[in-house]
Amino acid sequence: MTPRPSLGLRARLLFAFALLCVVTAAAVAGGIYVQARNDILQRAQDAAVQAMRSRLEALFPLQSATPGQAELDEIARTMTDGNSFAVAVYHEEHSRPGPPADGSPGPPAGLWKPGGNAPILDPWAIPKGLRRVVAGGDIAWQRVVWQGEPYLIIGAPLLIVERDRTRMSGIEVYTARSLLAEQRSIDGLAALAWLTGGAALAFAVVLALLAARGVLRPVRELGRAARLLGEGELRTRIAVRGSDELADVARTFNNTAAELERHVKQLREMEADARRFVADVSHELRTPLAALAAVADVLDEEAAGLPEPAGKAARLVSQETLNLTGLVNDLIEISRFDSGVAALTLNEVDVAELVRATLRARGWSEAVHTELPPAVTARLDPRRVDVILANLVGNALRHGEPPVSVRLSAEPHWIALEVRDHGPGLDEAVLPHVFDRFYKANAARARSEGSGLGLAIARENARLHQGDLTVTNAPDGGATFTLRLPRRAHDPDGGPE
Amino acid sequence: MILGGVSRVLLIEDDPAVREGLELALTRHGHRVRAVESGEQGLDRLRTDLPDVVVLDLMLPGMDGFEVCRRIRAAREVPIIMLTARGDDMDVVAGLEAGADDYVVKPVQPRVLEARIRAVLRRIGRDQAELERHGDLTVDRAGLVVAKRGVPVSLAPTELRLLLELSGTPGRVHSRQQLLESVWEHGYFGDSRLVDACVQRLRAKIEDDSAAPVYVQTVRGFGYRFGPV
């Protein structure tokens, strides 16, 4: 089974789940983060501005519209508290650092003006834009990062209220408030968002893997079953689990397999019936044929003494009885191969001796050229090999042209017997069919010698030995039949020792 | 049972046409044929006619051929040739186990059957009287008597011929093909199961333990050997 398709589906599922998780987490966590952050900052700002307003009220009334250095320092001190520190600016002058009057702790380091010794906001840290807005008469604030720390700077102008109008005093007060605590809260919030997102992603991956497995296992099982079915295991079925779409597919597969099995079984039964019919017919023919054969000899021997045409008729009956006997015997033999009852009687034999015995028994020793190396032994069924050889050599002598040769060659585990004639060879169109039953190469030779089953039986005999019989045309003319047999044929019954 | 003389053949065959045909053919070859249609009749005739050879169809109505074969064998050591259906290997093996000496396949060519009959009837004794001793076994080649520890052993003709063939050259290995040619007068391609079945029957009669034979020993992959005792 190739892993590609399952990997593909798994990867796609993983990707989809992960993407879904990331998008959802980003939307939810991101939204909440932004909202929470704004909220936190807004609260801090509102509180700071509120605090500043109330302190500013404490400043009034001012001692003079044109304050000196001491007064600016006093304003800054008044505005400074535990959480913030301030600077008062009047045109080019601004409050100087000094010890806080109320002894409250100083602002964090880094906001001291270098060289200074009192908490003061460095006027240069105040953004120009902010100063412009404050100079315009408005309270304004801005978040800045000063020396690595976040601060909220709030600026307010001091106004002089006269009878019917209000005018700018020119004094601006700025307070800075550290946003470090808020920053930490927001950072914590972000970290929590990341953590939750990561955990959700991991969870999604696990879920995706589980889902992939849940889908892939039945799919893989289906693939395996389909392959088995293709290999001819028609009884393959898969377990149907649950009632989802995959279960439907499994059910459909099972129904299809069952139908297929039924059809194949039906076909096999029909084929078996046909073969059994041939076997039965052959067996039924045997008894009358036995009676015929018993008297055919008598008829043949008496024929010479009979007046014509009775003598000729007697000889004809005798000859055709022999032919019919051969045909019925071949039919019975082939139906034995078909029904699988043909068995080997194995014997350790000298192959050269076997070939010589075959040729000798039929009077072909002179007509056939042999190349038989001595001392080649094999475990064979000699009678079946005799049937094969007799058929091949007989065909070569009848249909081919001399010289007919039989050549034996041996390999460690195989022997090969090559029967060759030097005729024109077989038509290329005929070659694939020579082992077919009742195959006639030439319609004109509709009733040649032999039953038309000889080569089919020869091949069945070779295969029974787990060998094979093949045919080719030799390059220089003539048909070459090659019989290959294992030297130690597998013998399921054990055979004689 | 004299070679060339008239031999009495008991033919047991149920099919009338086959029976008549074979009777005709065998009679023409100079045998005196008694043809019967059932095993029961055959066993009756065995006692009254004392045939030299029995030709027995295995497919018989009533008592089947195997049972007839066993009963004939129990009664007399007369050679039995079976008529079997072609390719019914189980029948061949079972028939040989039941004690048949040889078989021919239907449809039978009378000249083949004739050759088999002549082979089983051929006299195998030697002219010179010799009494051979092999362990507990004594073989009288002139009188054709085999005795074990002085007690005569009743052997069927083919079993006797096989024993004489093997014991004639103690220690020499005979291949199945050689034995088929010399004892059964079959060609090279005779059925080697004839030899194996006959060896089994012979062992059952002369060996103390058939599973550990002393006289007729198997030479794996080659054939059989007598002794050495």
Per residue of B:9-20, count partner chain C-beta atoms within 10 Å of its C-beta, then hand back the mean as an integer.
-> 3
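Just check segment A:118-261 against the gyration tensor rule for me: Cα atoms, a ≥ b ≥ c as the square roots of the eigenvalues, rounded for a/c under 1.5, and otherwise prolate or oblate depending on whether a/b exceeds b/c.
Working: a/c = 7.68, a/b = 4.89, b/c = 1.57.
Prolate, since a/c reaches 1.5 and a/b exceeds b/c.
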Förster radius 35 Å - calculated FRET efficiency between residue B:169 and residue A:301 (Cβ-Cβ, nearest 0.05) | 0.30
For peptide A:460-467, the mean count of other chain Cβ atoms within 10 Å per residue Cβ is 0
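Averaged across the residues of B:179-191, what count of C-beta atoms belonging to other chains lies within 10 Å of each residue's C-beta?
3
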Kindly express, to the nearest 10 degrees and within the range 0 to 90, the angle between helix A:69-79's C-alpha long axis and the longest C-alpha principal axis of chain A.
-> 50
Length added when fully stretched, residue A:50-residue A:147, from 0.36 nm per residue minus Cα-Cα = 32.3 nm
Packing-wise, with mean Cβ within 10 Å as the measure, how do A:427-437, B:216-226, A:459-469 rank, highest first?
-> A:459-469, B:216-226, A:427-437
Once amide H atoms are placed 1.01 Å from N in the peptide plane, what residues at a sequence separation of 5 or more from residue A:85, or on another chain, have their amide H within under 5 Å of its amide H?
-> A:176
Taking a ≥ b ≥ c as the square roots of the eigenvalues of the Cα gyration tensor, with a/c under 1.5 meaning rounded and otherwise prolate when a/b exceeds b/c and oblate if not, the protein assembly as shown is prolate
In degrees, nearest ten, helix B:39-49 long axis to first principal axis of chain B (Cα) = 70
Please give the FRET efficiency for residue B:218 paired with residue A:488, using the beta carbon to beta carbon distance and R0 = 30 Å, rounded to the nearest 0.05.
-> 0.95
Here FRET efficiency (C-beta to C-beta, residue A:202 to residue A:34, R₀ 25 Å, nearest 0.05) is 0.55
Degrees separating the helix A:310-338 axis from the principal Cα axis of chain A, which is the longest one = 20
Hey, what do the phi angles of segment A:225-239 turn into as Karplus ³J(HN,Hα) couplings, whole Hz, using 6.51/-1.76/1.60 and θ = phi - 60°, x for Gly and Pro?
-> 5, 5, 5, 4, 4, x, 7, x, 7, 6, 8, 5, 9, 10, 6
Under the Karplus relation with 6.51, -1.76 and 1.60 and θ = phi - 60°, whole-Hz ³J(HN,Hα) for segment A:452-466, x at Gly and Pro, equal x, 10, x, 6, 4, 5, 4, 5, 4, 5, 5, 6, 4, 7, 6
Considering amide H positions built from the backbone, and no H for Pro or chain starts, which residues 5 or more places from residue A:414, or on another chain, come under 5 Å of its amide H?
-> A:487
Using label points projected 7 Å from each Cα along Cα→Cβ, tell me how many nm separate residue A:221 and residue B:76, to one decimal.
-> 7.4
If we sort A:317-325, A:377-385, A:237-245 on the protection proxy, mean other Cβ atoms within 10 Å, highest first, what's the order?
-> A:377-385, A:317-325, A:237-245
Give, in nm to one decimal, the length gained when the segment between residue A:369 and residue A:264 is fully stretched (0.36 nm per residue of separation minus the Cα-Cα distance).
-> 32.9 nm
With the Cα gyration tensor of segment A:313-393 giving a ≥ b ≥ c as the square roots of its eigenvalues, does the rule (a/c under 1.5 for rounded; else a/b larger than b/c for prolate; else oblate) give rounded, prolate or oblate?
-> oblate
Between the alpha carbon centres of segment A:218-275 and segment A:135-209 the gap in Å comes to 72
Per-residue ³J(HN,Hα) for segment B:90-99, Karplus 6.51 cos²θ - 1.76 cosθ + 1.60, θ = phi - 60°, Hz, x for Gly and Pro = 4, 4, 4, 4, 5, x, 5, 5, 6, x
Set of aspartates and glutamates near residue A:265 by C-alpha distance (under 20 Å), chain-local residues within fewer than 8 positions excluded = A:231, A:233, A:273, A:338
Express in nm, to one decimal, how much length is gained between residue B:38 and residue B:148 on full extension, taking 0.36 nm for each residue of separation and deducting their alpha carbon distance.
-> 35.9 nm
Please list the non-local residues whose amide H lies under 5 Å from the amide H of residue A:400, H modeled 1.01 Å from N, same-chain partners needing a gap of 5 or more.
-> none
Calculated from DSSP helices alone, with each H run of at least 4 adding -39500 (n - 2.57) and the total divided by the residues of chain B, [θ]222 nm to the nearest 500 comes to -11500 deg cm²/dmol
Provide Rg over Rh for chain B; use the alpha carbon set for both Rg and the Kirkwood Rh (inverse mean inverse pair distance).
-> 0.96
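Just so you know, all these numbers are worked out from the coordinates, no wet-lab data involved. Worth saying up front: this structure is predicted, and the values here are computed from it rather than measured. Positions of Cβ are generated from backbone atoms using ideal geometry, with glycine treated the same way; all protein chains shown enter the neighbour counts.
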